[in-house]
Amino acid sequence: MKKRVIAKILACTLTLAAVLTACGKSDSGSNGGSGSTGAEPGSGEEVTLTFSWWGSEERHEAMEQVAKLYEEANEGVTIKVEYGAWDGWQQKVLTQMKGQTEPDIMQVNYNWVHSFGKGSNVFYDLNELSSLDLSNWDADYLKAMEVDGQQAAVPHGMTGRVQAYNAALFEEYGLEFPTTYDEVKAAAEIIGADNTPTGADNKYVLMTIGKECPDLYIAQMLYNHTGKPMQTDGKINYTEAEVKEVLDLYMSLSESGAMPTFQQEDPIDNESNPVWTSGRTGAIYEWAGTLNKYTAAYKGGDAVDELAIAPYITEDGSAPNVYVKPNLGYAVSKNSKNPEVAADFINFMFTDEEAVKALGTNLGISSNKVTNEIQVKEGMIEGKVKEAYEVLDSYEQTVIDPYFEDENVRGQRYIVIEALRTGSVDSTEAAAEYISKQQEELDKLYD
Amino acid sequence: MENQEYQKFSLNAVIRYVLLIAVGIILIYPLLWMIGSSFKENMDIFGNFSIFPPSGRVMTSNFSSAWNLTSKHSIWFYFGNTLKFLIPKTFFTVISCTLTAYVIARKKFRGQKFVFTAVIVTLLMPELAFRIPLYTLFTKAGLVNTYASLFIQDIFASSSFFIFMIIQFMRTIPKQLDEAAVIDGCNDLQILTKIIVPVIKPIIITVGLLCFMWGMNDFQGPLIYLTEPDKITLSMALKQLLDGDAQIVYGKIFAASCLALMPMIALFFAGSRYFVDGVANTGGKE
Amino acid sequence: MPYIMLAPWIIGFLIFKLYPIIVSFYYSMLEYPILGEPEFVGLQNYAEILTKDQTFMKSLVATLKYVLIGTPAVVIVAFFVAFILNFKLKGVNFFRTAYYIPSILGGNVAVSILWTMLFSVNGPINIVLGVFGIEPVYWTTDPRFAVFTLIILKTWQFGSTMLIFLSALQGVSKSLYEAASLDGATKIRQLFSVTLPLVTPVVLFNAVNVLVKAFQEFNSAYLITKGGPNKTTYFLNLYIYDSAFKEGNYGYASALTWILLLIIGILTLILFKSSDKWVYYND
């Protein structure tokens, strides 16, 4: 009797499970709605859109303002907003997309665009929506967010890492900012002369703060060293010998005292890093778009004039080809009932003067030509961020490949770099794994 | 002879107090540090263990900016949001878990072992395992963006932890009590409410307190189920202060955390008085 | 009659536990990119985890270290403190609250910052160790020691375990102590012969719970050591989360969850089976 009851319960639950899972699987494949793109923008029809983003309080206020402006300009449209902090946001969006309840318009991170669908587009193809004027963007920048031939999202702006440096520190020692690695090590001997392994007052020539930073720095070094980007069509472009040379060079920087070793690094891996804020490091390597955080944190924000943007350091002092990437983008949901209006909203965000003004610099400098013009006209681009972009634009740029930031691929690089820096592996082993482990993950994405 | 014992007792007490206070200070030092750091600028927080900010650089604005957490609402608005799901959750948890524990601990029925094993096994499963299937289920039931989604499970005794806990405590009470009550003509429910609950009152209060405290800190649940900005809970609102695209003002985060902690500490302090009462009702075996 | 009182639990179990469990088990046998089409692959995920996945091995070691050292630490400290606080002391309420505060602070940002500061190379912990002639330890950056910072954090947060022990100790009838006293037992003897045996069901409960919670630890590793260095604090729960939401491999993450569940189950079973020897139930 007991066994029968249990069997019955199990049977019911299994059926329930099967039914519900089957119901949930009816997604993906073709673009939502084959042909029907919902209401026409400006038609006055009653439309409700949901719009989500992540960010800080200032960004939330700015974005809500933009939503209001659109509602005022477009009768009948209501925009419901959803927002939160970055921490956990990816999980939230993924869960929503899995349940097909994601918002019509979403702010997306660069690596979501390709990695979410692992090569196929999980968003609406923006090429099919006429309300969004794609010609305002550089073709190269658009391509960064193109997946499987479809335009998955549009980038807000491009960003790259720059070396913001503390000119005051170099002046103190009568040094020029180094342009080659040899010069860096020479400077280290002077600046870091009093450094000790556990010294609380150590001074460094440059620092790569956090986890992402060393990875990008090494990747840039590899690009400079070989002239080839990380991967092309799914194949890593480097030989083990090449990677070993670069890893050795990178490690020699901390060995010479120019950079902190893994043990010497302060655990605070953002702009509040005490070595940076107290002026004990020459340079940091950070995104141009968010440089304001670092300039504001430096010495409590009172000494911004001591800072400058340095030209990039290379092995022989020549000008490198610099990696850039979209800082964030906007996509329309595949399941949206009114994709045209959604696209129109995105277009509004970029081209309406009031909207751009309301956004201010909360999303950074835009690479959309119209947006950029307005930003320049309103004097929104200024200070160190302006300098940073000027420096960035004076170099040849290459857009980072779409899977560079894929968590599976990037995760393998992080593991290798950390193992190398903690001394668990030597540079030969590290070089071999750097290539083989990444290749393994890339193979899964390119099959 | 008595004098000696009395002296020994004093010394004992003094040592005990000194130890307790010393250990107590170590334990609450982080809280004091956090409170003190709410008055500090960012650069005075890192690397600085002192509870007090350096004179001349005291930031008094953190608490007021933390009080008005977002431009739209004060921190207490979000606290209220948390209460909207937490109070029902605690209420239902206490009732359903006590009821369920009583049946498992006290009643003989077919499948008792199975049920107990099921409770233990579900205790072991990390929440992550349930998350996505339940999200899909809740979406179909139209529960997304409701506070109900955050406490509906507790109407059905979903917390294996608390069920297990109450079972273990119930098992420390001798069955003779039940038997005596049956002789007096009580039915199951009366035994539960009149005999057992009073005895394990400290436990019930503990369950309530723990459920409440853990619920306050829960972030993942509200993150997924609440979408409207005006509905978000305190834990989510606090996380927003940490966002990486703007400069993080740690003092404000600490100030907000302090404010958020105050109700919890007050609640705990109030609730812990019941333990004293509990001592007096140790089950009539005198 | 019992079934009626059990009804809420039964409903809850079927809908909120059994259903997701079955679905999750089914998912574990799929190659399931989180937003893509699932593909049935049978036990391939499990095979890959157990044979090829180096991260899993490191994660498992990290988790086991944390659980097997942390659990006894917490239970012993919690019991000891509860015992001391069980006496009629002046201001006992204040002490109880103070001792519980670390648990309330939980995954607080302030705590994680303070913790990294405390364990930094020039921090107070190393200074204290220096007094005993021990060389400074690179706590958070040395793969050998990072996990201990988290174990110490967990031990510091003994509050809820202590609370539960306190409830149990309060239930031990005073008359038993008096009787033992009359028989000439010292306080220590009373502890081991009267108190301990009577609260063993609660010891078991706390041991199981601390064990299970430790296996599911996420926040502290996420905030303080971020799983490093070299994955020595990359607890399984962290790996599962990343697998599902960062790497987007939902089938794989489900399989990892089941393996974690199996491991927890085995250890809990051992604990339960052993309890027949040392737990005394009053009913």
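The values are calculated or read from the model by the stated rules, or taken from the named source; none is laboratory data. Everything numeric here is computed off the predicted structure, so don't read it as measured data. Positions of Cβ are backbone-derived with ideal geometry, glycine not excepted, and every protein chain shown enters the neighbour counts.
Key figures for this structure:
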{"item": "Conditions (1) more than 7 Å from every other protein chain (Cβ to nearest Cβ); (2) touching a helix residue (DSSP H, G or I) at 6+ places or on another chain (Cβ under 9 Å); (3) over 21 Å from B:Ser64 (Cβ atoms); number of the one not met by B:Asn187", "result": "(2)"}
{"item": "Residue match in the stretch C:194-206 (condition: without any contact (Cβ under 8 Å) to a residue 12 or more places away in the chain and either under 20 Å from B:Ile173 (Cα atoms) or of a type in the set (A, V, I, L, M, F, W, C) (or both))", "result": "yes"}
{"item": "Sole residue being out of contact with any Asp or Glu (no Cβ under 8 Å at 6 or more places or on another chain) and assigned by TED's automatic domain parsing to the domain that holds A:Glu265, chosen from A:Tyr181, A:Tyr204", "result": "A:Tyr204"}
{"item": "Of residues in the stretch A:138-166 being in contact with a Ser or Thr (Cβ under 9 Å, 6 or more places away or on another chain) and of a type in the set (A, V, I, L, M), the one surrounded by the fewest Cβ atoms within 10 Å (Cβ to Cβ)", "result": "A:Val147"}
{"item": "Among residues of the stretch A:363-403, those that are touching a helix residue (DSSP H, G or I) at 6+ places or on another chain (Cβ under 7 Å) and more than 22 Å from A:Ile309 (Cβ to Cβ), counted", "result": "8"}
{"item": "Count of the stretch A:46-75 residues which are farther than 15 Å from A:Leu359 by Cβ and assigned to a helix (DSSP H, G or I)", "result": "3"}
{"item": "Sole exception among (1) closer than 30 Å to C:Ile34 by Cβ; (2) assigned to a helix (DSSP H, G or I); (3) of a type outside the set (Gly, Ala, Ser); (4) more than 10 Å from chain C (Cβ to nearest Cβ) for B:Leu143, by number", "result": "(2)"}
{"item": "Any chance B:Pro133 is of a type outside the set (Gly, Ala, Ser) and at pLDDT below 90", "result": "yes"}
{"item": "Search result, residues across the stretch C:241-268 that are within 12 Å of chain A (Cβ to nearest Cβ) and part of a helix (DSSP H, G or I)", "result": "C:Tyr241, C:Asp242, C:Ser243, C:Ala244, C:Phe245, C:Lys246, C:Tyr250, C:Tyr252, C:Ala253"}
{"item": "Verdict on B:Ile173 being farther than 30 Å from B:Ile132 by Cβ and either touching a Pro at 6+ places or on another chain (Cβ under 6 Å) or at pLDDT 80 or above (or both)", "result": "no"}
{"item": "The one condition in (1) surrounded by fewer than 22 Cβ atoms within 10 Å (Cβ to Cβ); (2) modelled with pLDDT of 90 or more; (3) over 23 Å from A:Leu392 (Cα atoms) that A:Ala200 fails to fulfil", "result": "(2)"}
{"item": "Any hit, the stretch A:113-122, residues being surrounded by 17 or more Cβ atoms within 10 Å (Cβ to Cβ), in a helix (DSSP H, G or I), within 14 Å of another protein chain (Cβ to nearest Cβ) and hydroxyl-bearing (Ser, Thr, Tyr)", "result": "yes"}
{"item": "Some residue of the stretch B:21-43 being of a type outside the set (Ser, Thr, Tyr), touching a residue at least 40 places away in the same chain (Cβ under 8 Å), within 14 Å of chain C (Cβ to nearest Cβ) and part of a loop (DSSP other than H, G, I, E, B)", "result": "yes"}
{"item": "Number of positions in the stretch A:48-74 that are away from chain B (no Cβ under 14 Å) and either touching an Asp or Glu at 6+ places or on another chain (Cβ under 9 Å) or crowded, with 23+ Cβ neighbours inside 10 Å (or both)", "result": "5"}
{"item": "When residues of the stretch C:1-55 are limited to those that are touching a residue at least 24 places away in the same chain (Cβ under 8 Å) and β-branched (Val, Ile, Thr), the one farthest from the other protein chains (Cβ to nearest Cβ)", "result": "C:Ile49"}
{"item": "Extreme residue, nearest to the other protein chains (Cβ to nearest Cβ), among residues of the stretch B:152-170 that are touching a Pro at 6+ places or on another chain (Cβ under 7 Å) and surrounded by fewer than 22 Cβ atoms within 10 Å (Cβ to Cβ)", "result": "B:Phe156"}
{"item": "Exclusive hit being assigned to a helix (DSSP H, G or I) and within 30 Å of B:Ala118 (Cα to Cα), set B:Phe91, B:Phe79", "result": "B:Phe91"}
{"item": "Selection within the stretch B:55-73 - in contact (Cβ under 8 Å) with a residue 12 or more places away in the chain and of a type outside the set (A, V, I, L, M)", "result": "B:Arg57, B:Thr60, B:Asn62, B:Phe63, B:Ser65, B:Trp67, B:Thr70, B:Lys72, B:His73"}
{"item": "Helices (runs of 4 or more DSSP H) contained entirely in the stretch B:188-258, each with at least 3 residues that are of a type in the set (A, V, I, L, M, F, W, C)", "result": "B:201-217, B:234-240"}
{"item": "Any hit, the stretch B:110-132, residues being touching an Asp or Glu at 6+ places or on another chain (Cβ under 9 Å) and of a type in the set (S, T, N, Q)", "result": "no"}
{"item": "Matching option when the condition is among the β-branched types (Val, Ile, Thr) and either assigned to a helix (DSSP H, G or I) or within 11 Å of chain C (Cβ to nearest Cβ) (or both), among A:Val162, A:Val184", "result": "A:Val184"}
{"item": "In the stretch B:106-116, the residues that are within 27 Å of the chain's Cα centre (by Cα) and within 8 Å of chain C (Cβ to nearest Cβ)", "result": "B:Val115"}
{"item": "Set B:Leu86, B:Leu123: member being in contact with a Ser or Thr (Cβ under 7 Å, 6 or more places away or on another chain) and surrounded by 16 or more Cβ atoms within 10 Å (Cβ to Cβ)", "result": "B:Leu123"}
{"item": "All positions within the stretch A:303-358 that are in a loop (DSSP other than H, G, I, E, B), out of contact with any Gly (no Cβ under 7 Å at 6 or more places or on another chain) and surrounded by fewer than 23 Cβ atoms within 10 Å (Cβ to Cβ)", "result": "A:Ala303, A:Pro311, A:Tyr312, A:Glu315, A:Asp316, A:Gly317, A:Ser318, A:Ala319, A:Pro320, A:Leu328, A:Asp352"}
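Here's the yes/no breakdown for (1) under 21 Å from A:Thr95 (Cα atoms); (2) touching a Phe, Trp or Tyr at 6+ places or on another chain (Cβ under 7 Å); (3) more than 12 Å from chain B (Cβ to nearest Cβ); (4) in a helix (DSSP H, G or I):
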site	(1), (2), (3), (4)
C:Phe205	no, yes, no, yes
C:Tyr234	no, no, yes, no
C:Ile270	no, no, yes, yes
C:Lys277	no, no, yes, yes
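Quick grid of which residues meet (1) farther than 24 Å from C:Leu271 by Cα; (2) among the hydrophobic types (A, V, I, L, M, F, W, C); (3) touching a Phe, Trp or Tyr at 6+ places or on another chain (Cβ under 6 Å); (4) not in a loop (DSSP other than H, G, I, E, B):
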position	(1), (2), (3), (4)
B:Ile95	yes, yes, no, yes
B:Thr100	no, no, yes, yes
B:Ile104	no, yes, yes, yes
B:Arg110	yes, no, no, no
B:Phe114	no, yes, no, yes
B:Thr122	no, no, no, yes
B:Leu128	yes, yes, no, yes
B:Arg131	yes, no, no, yes
B:Leu134	yes, yes, no, yes
